[in-house]
2 protein chains.
Amino acid sequence: MDAAAFLATVRGAVDARLREFLAGRVEEARRLGPATGAVAETVADLTMRGGKRLRAAFVAAGARVAGEKIPSPGTITIGAAVEIFQAYLLIHDDWMDGDESRRGGPTAHVALGRRLGEEHSAVAAVLAGDLASAWSRTLLGDTRSVWSHQEERVVLGQILDVFGGAPPSLVVTLKTTSYTVLMPLLLGLGTGPAFADRAPFLAYAHHVGEAFQLRDDLLGLVGDPAETGKPVGTDLLRGKRTPPVIDALDHGDDDARAAIEAVLGHADAPAAHLRAAIDALVSCGAVERAERRIHAALEHARGDLAAAYCDDEAKDLLVGLARLAAERTK
Amino acid sequence: MDAAAFLATVRGAVDARLREFLAGRVEEARRLGPATGAVAETVADLTMRGGKRLRAAFVAAGARVAGEKIPSPGTITIGAAVEIFQAYLLIHDDWMDGDESRRGGPTAHVALGRRLGEEHSAVAAVLAGDLASAWSRTLLGDTRSVWSHQEERVVLGQILDVFGGAPPSLVVTLKTTSYTVLMPLLLGLGTGPAFADRAPFLAYAHHVGEAFQLRDDLLGLVGDPAETGKPVGTDLLRGKRTPPVIDALDHGDDDARAAIEAVLGHADAPAAHLRAAIDALVSCGAVERAERRIHAALEHARGDLAAAYCDDEAKDLLVGLARLAAERTK
């Protein structure tokens, strides 16, 4: 077979593999919301539009040298992963270079600027590249597949967070719990023999992630900047409605609501007004109620481990780490 | 051991592993140039500055559940990789959120804006995140380590390309050859048994990458936009000195030089001037000389394979693919 026929064969197989893989990922992203759908579709469009598949052909050629007369399904999958990896690089590069067309159509930042608003063009394109990067490894499906799957969830969660409209608990699960508790724990579990039942650990991770994020929200309001390393109230000034803020707006009195709304989304609010808003969050009980939710999440996490197949010392360790995650001061 | 003592033990081991790993990566990036050094140092600073290492502790806790009484070096390395992965996410998130401080110091885009100029702050921070993402997998050192090593080279090459000052051939090797020929070929070779000598394939990849990039430069000047999917002359208008442009400025007559300099770096140059500059690149012989360099690179690639341990049919295939890469029209 000459090189052109070889390339055509590889291209046919790789395009079919990509179409199948991308359809599944786009479908999943669409289910999360319109922004995640738009970003995923843009990655898929760019990946499928044109593309010589030369890189996939070099993978198949390497496999040919190593003994594969006809590219195996595994080799085609590696080739498809390299093509998605190229999409990641093209998306970030085109944005950095300010290029407007690619493969006979708009570059990702141009396409996403049209779909999600010009002001979001850069952020959406960087996230599109990050998503393509995660997808390439999901497809590669190597021994660390837990890593790439959780990485994909983080990027989807960040898209939801930036563009809004998703339930806060979904954002927390995707963008915080995934890589703060779940991925590390699953990676560690993976160092041992295959495990009977991971469900108790998944439930534990979910509750610890919830407590971790609530603590993060509280530290951003009433934490000590000398410990946390960042100023208080930035979420408020940026207009971010964290659970304690939603609670205060729902259950606080008129004075508390007015104090919070005076700074919510007002980046240039004076320091005294910010101070008053934070005082209102404390005095209306929202901070105290968040503390109780953290405590309840920790109790759930402890309960989840009851069914876990491991010794009591390991359970105590996980409970202790959950407390460190949820009761930290920085 | 209680959770706090466990966390402290893990933190000590993970910090030591990170210090050792990051020192090596930063040293290598510094050798490439000041911009790559600045970006790498910023990633390393953020990774080492503070950080509770809770995620690494969850890795070690998972390993504890799976049977490791004391975290093994392998487990500590996975934990360190997760911490660098967090740095990647923080760097991109902080830029998207416009946050200015993190862990008691400037966020990456703020630090890089100060070091490389405010106008480069966003691009440098996105690349810093991309580099951290590549590093996390380099450290993980999974079965696809060839992937992460080449990914790291791509990001370093893009930094050199964006910030300038590096020899063009180094940029081509790092940002194009790495993922266009070398990584795909090595991934394919990896599907077979360990191979006697990869050196001929590395040399082949180097020469094919050179020819591929030169063709890219030529297509951007004299290609058919209907085939390439992008307009001609954008590199010129953006002031990018590709090898054919350097050649024409060095060897063209005064008229040719004037025609090229009238548009080089002038984004708003009229179409007629751009046409005249491209005509000058052709008439002064720079395009023809680039074609000859492509031909010579292909001959080198063919020669490299003479010493390769594989059958003639596989060699013919590699030579054919090299020609497709170098003689394409899109």
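Every number in this text was worked out from the coordinates using simple rules, so none of it is lab data. Predicted, not measured: the structure shown is a model, and the values here were computed from it. For neighbour counting, all protein chains shown are included, and Cβ atoms are generated from backbone atoms with ideal geometry for every residue, glycine included.
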message: Could you tell me how many cubic angstrom of Cα convex hull volume the range A:199-326 has per residue?
response: 101 Å³
- request: Sticking with the crude label model, points 7 Å out along Cα→Cβ, report the distance from residue A:328 to residue B:255 in nm, one decimal please.
  value: 6.9 nm
task: Could you please state, rounded to a whole Å, how far the C-alpha centre of the range A:267-330 is from the C-alpha centre of the range B:203-253?
output: 57 Å
query: If you build a Gaussian network model of chain A, linking Cα atoms that sit under 10 Å apart, which residue out of A:303, A:164, A:188 swings the most?
result: A:188
- prompt: So if we plug the beta-carbon distance of residue A:291 and residue A:118 into 1/(1 + (r/R0)^6) with R0 = 45 Å, what FRET efficiency do we get, rounded to 0.05?
  reply: 0.60
- prompt: What value, in deg cm²/dmol to 500, does the helix sum -39500 (n - 2.57) over DSSP H runs of n ≥ 4 give at 222 nm once divided by the residues of chain A?
  reply: -23500 deg cm²/dmol
field: Spin-label pair residue B:279/residue B:23, simplified geometry with 7 Å Cα→Cβ offset, distance in nm
entry: 6.2 nm
- line: With residue A:240 itself left out, Lys, Arg at +1 and Asp, Glu at -1 over residues whose Cβ is under 12 Å from its Cβ give -4
field: Fraction of the pair-distance distribution of the protein assembly as shown above 38 Å, Cα-Cα pairs, percent
entry: 38 percent
task: Amide H neighbours of residue B:102 under 5 Å, at least 5 residues apart or on other chains, H built in the peptide plane: list them.
output: B:107
message: Label position 7 Å from Cα toward Cβ: report the copy-to-copy distances for residue B:52 in nm, one decimal, ordered from shortest.
response: 5.0
message: Can you work out the Karplus-derived ³J(HN,Hα) for every residue in the range A:8-20? Use 6.51 cos²θ - 1.76 cosθ + 1.60 with θ = phi - 60°, whole Hz, and x for glycine or proline.
response: 5, 5, 4, 4, x, 5, 5, 4, 5, 5, 5, 4, 5
query: Considering only the label points, 7 Å along Cα→Cβ from Cα, what distances in nm to one decimal separate residue B:5 from the same position in each other copy, shortest first?
result: 7.1
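Using the structure shown, list the pairs from A:315/B:52; A:240/B:52; A:175/B:175; A:315/B:69; A:175/B:69 with a Cα-Cα distance above 19 Å, or answer none.
A:315/B:52; A:240/B:52; A:175/B:175; A:175/B:69
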- prompt: Along Cα→Cβ at 7 Å, what distances in nm separate the residue A:303 label point from those on the other copies, shortest first?
  reply: 7.5
statement: In degrees rounded to 10, the 0-90 angle between helix B:145-163 Cα long axis and the longest Cα principal axis of chain B is 60 degrees
